[in-house]
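Have a look at the structure below before the remarks.
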Amino acid sequence: MFEVVAIYAYQILFSISIFILISLGLAVIFGMMKVINLAHGEFIMLGALFCAQLAGAGVPLFLSIPLAGLIVGLVGIVGERLVIRYLYGRVLDTLLATWGMSLLIVGAVTTFFGPQTASTPQDLGNISLGTFSISVYSLLMILLAFALLAALYLVWRMTRAGLIVRTTMQNAAMAQALGIDTDRVFMLTFGFGAALAGLTGAILVPLFGASPTMGAFYIAKAFVTVIAGGPLPLTGTLAASSLFGMIDGAVAYLTTSVLGEISVLFVAILLLRFLPKGVTRGLKGRV
Amino acid sequence: MSFTHGQEGRGGMLRCVLTALAAMGLAAASLTDAGQDAAAQEGHPIVIANILDRSGGLNIYSLKQIQGVAMAVDEINKSGGLLGRPVEIRFYDSQSDNTLNAQYATNALLRDKADAIHGGITSSSREVMRPIVQRFGSLLFYNALYEGGVCDRRHVSTGMVPAQQLEALIPYVINEKGARKSYILAADYNYGHITAKWMKNIVEANGGEVVNIEFFPLDVTNFAPVLARIQEAAPDVVYSALVGGAHMGFYRQFESTVGKDNMLLASSTYGVGREQTELSPEEGRGIIIATSFVDGLDTPAAKSFVENFKAFSGEDDYVGEYGEYGYRGVMLWADAVRKAGDASPDAVIMALKSGEISFDGPGGLYSIDGKTNHTTMDIHIAVGNDKGSFDLLQSFSQQPPLDTQLVCDLHANPDDTTQYEPEVQ
């Protein structure tokens, strides 16, 4: 009995952690900054690619993962300085610009790194639970997903930097009047969101691999999660990820992966029909 | 720099995002390489089109084959061309997108006036191109392993079909490894579905048992649910007919969860996309395959092919089955052109009908069966080793495409264009 409960819990938590990881960066860039970032999937891809490259060059995996996130953060800052900063508040224009960025990134990666799939092995082995065994790396992934979300929440809620970011996003003109360098805050926040996406790619790469067009696998799910989450980007992402992950994990385990995905999309449609402003609508004062 | 407040426009934003996502798909299709200009040259070259996926999720199957086709054409031209004419390739990148296969096949036949098309990797891409090839009265060389059964004089299959591959693989797994209880995973399109039927059929015919069959869309990367179900069912062997870059994650996740020391893993598709070169030694070691070509074949023809291929492409890594398929496809077509004395599709089709078209290639003798336009070849059972390659276990000489021969006779019905399916439940 214990092992059945454990395997369900594992399936569901694993699925939730994937939803959390792929939407964290978007929760910052789209949820907080209101930039419709169609290059989000490509930021994930860059993280996966850089992690595989670094690990392939002999850097230990657990150093490659944060390094890859950092590099993607820098890529995000460059993109923000060159393009995005001129477009804040112009929703449709950012949409086109970030889409252009996504095409550019896919093209550049295909040209310079080649179109093939890349990956890096991990050798953490597995632990056994009666009939089942579970990969240790995937357990670590679950922990990392929740830890990242918790850390982000604490930074946003408890630190001065978080307060400044929230102030700026809420009312940039007022924040500027109070002496905050909002231009710099926007730049760093965008870079931070990109870094989170890169970190996600790097965390996923030992299990899922990296290829130039992999962004497309994740972008729709990430947007659905953040939009269903509603006005509070982090609480909403957690709530929506938990809901979708629970459905996906349970249905995919009980039936097939296809039905799992279908049921998630079905619930997302229902949710947006009846709660068009997301599950955290009406909650105030949090993130 | 003012911001509209978050409460307003959520629904609007959602619509924006969805519209944009849909538009991305459309525009990606229109931003494509439109191919080279059809600059007719002196000496009236024979033109063949090569339509393969240089990019996208399925490119792992195409990258080496693009080189293999180019190398065969290069060799033909260096030895004086075909019928005294040079051969020219028009390459089109179908980007793992079937709609582009349709567009480029039309371009190739209408604008480039190609005498034959080589290409298509997935069965769905082949089925998109076959009606177009019919309409223009041309000829398609499909250089890939597939589920068999296509009965069409304008289509030539140069790769393995289930009767060749699975009839070797599955009895080996059952008889030599004693693994009867089987779990089948396959890609969710016609190749996967028909191959899964064949697998079930052959497993049961050899006294084995199939506990479950599951299909996966090509973009699935998370295999945790099925790995739990597999462990619950506790089969002796898992057969994979998974396809494409996303599905490669399965081999990683299988090793880190179940492990091949505890359960056998055999595959009809593993290795053809050179998956082993992207996996770690532990992840690739021990996977059992049936193949008509691996780099490690111990024959002079195979060794010199691998050497020439590396020199031609400038790439020093594993070549593999699909690279060789591109080469053999062009060489078989060239033999048919020579015997026909004419490169036009109808003349080549007449030559194919004779059943005398063959090529003594890197993996042994390939000969095209005139009744089905499918290829007889040697089949080898091999197992992944920890050097990113395969060790040979057993070989079967000159295996005919029996399954397709059972249902197809182009001599009797030259106008047949059906793809027959195996008659199993």
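The values are calculated or read from the model by the stated rules, or taken from the named source; none is laboratory data. Here the structure is a predicted model, which means the values were calculated and not measured. All Cβ positions, glycine included, derive from the backbone under ideal geometry; neighbour counts span all protein chains shown.
Within region B:201-218, one or more residues are within 30 Å of A:Gly201 (Cα to Cα), part of a loop (DSSP other than H, G, I, E, B), in the same structural domain as B:Met248 (by TED's automatic domain parsing) and over 16 Å from the mean Cα position of the chain (by Cα). Determine which member of the set B:Gly341, B:Gly314, B:Gly370, B:Gly323 is surrounded by fewer than 20 Cβ atoms within 10 Å (Cβ to Cβ), in contact with a Gly (Cβ under 7 Å, 6 or more places away or on another chain) and in the same structural domain as B:Glu88 (by TED's automatic domain parsing). Answer to the selection: B:Gly370.
A:Ile84 passes every criterion in (1) surrounded by fewer than 24 Cβ atoms within 10 Å (Cβ to Cβ); (2) modelled with pLDDT under 95 apart from (1). The set of residues from region A:177-217 being at the interface with another protein chain (Cβ under 8 Å from one of its Cβ atoms) and over 25 Å from B:Ile60 (Cα atoms) comprises A:Thr182, A:Asp183, A:Phe186.
For A:Ser242, the criteria (1) within 13 Å of chain B (Cβ to nearest Cβ); (2) part of a helix (DSSP H, G or I) hold in every case but one, which is (1).
Of everything in region A:199-233, what is surrounded by fewer than 24 Cβ atoms within 10 Å (Cβ to Cβ) and either in contact with a Phe, Trp or Tyr (Cβ under 6 Å, 6 or more places away or on another chain) or free of Cβ contacts under 8 Å to residues at least 40 places away in the same chain (or both)? Give them in sequence order. A:Ala220 - this is the single residue of region A:199-233 that is surrounded by fewer than 24 Cβ atoms within 10 Å (Cβ to Cβ) and either in contact with a Phe, Trp or Tyr (Cβ under 6 Å, 6 or more places away or on another chain) or free of Cβ contacts under 8 Å to residues at least 40 places away in the same chain (or both). If only residues of region A:122-161 that are over 15 Å from A:Leu13 (Cα atoms), touching a residue at least 40 places away in the same chain (Cβ under 8 Å) and more than 12 Å from chain B (Cβ to nearest Cβ) are counted, the one that is farthest from the chain's Cα centre (by Cα) is A:Arg157. For B:Gly361, the conditions (1) surrounded by fewer than 17 Cβ atoms within 10 Å (Cβ to Cβ); (2) among the small types (Gly, Ala, Ser); (3) farther than 30 Å from B:Asp261 by Cβ are fulfilled apart from (1). Looking at B:Lys303, is it under 22 Å from the mean Cα position of the chain (by Cα), without any contact (Cβ under 8 Å) to a residue 24 or more places away in the chain and part of a helix (DSSP H, G or I)? When the stated conditions are applied, B:Lys303 does not pass them.
Each row is one residue, and each column tells you yes or no for (1) modelled with pLDDT under 95; (2) farther than 16 Å from B:His247 by Cβ; (3) buried (at least 23 other Cβ atoms within 10 Å of the Cβ).
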site: B:Ser123; (1), (2), (3): yes, no, yes
site: B:Ile132; (1), (2), (3): no, yes, no
site: B:Asn143; (1), (2), (3): no, yes, yes
site: B:Thr158; (1), (2), (3): no, yes, yes
site: B:Ala163; (1), (2), (3): yes, yes, no
site: B:Ser182; (1), (2), (3): no, yes, yes
site: B:Tyr191; (1), (2), (3): yes, no, yes
site: B:Lys197; (1), (2), (3): yes, yes, no
site: B:Val226; (1), (2), (3): yes, no, yes
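The set of residues from region B:105-154 being basic (Lys, Arg) and within 17 Å of B:Asp93 (Cα to Cα) comprises B:Arg111, B:Arg126.
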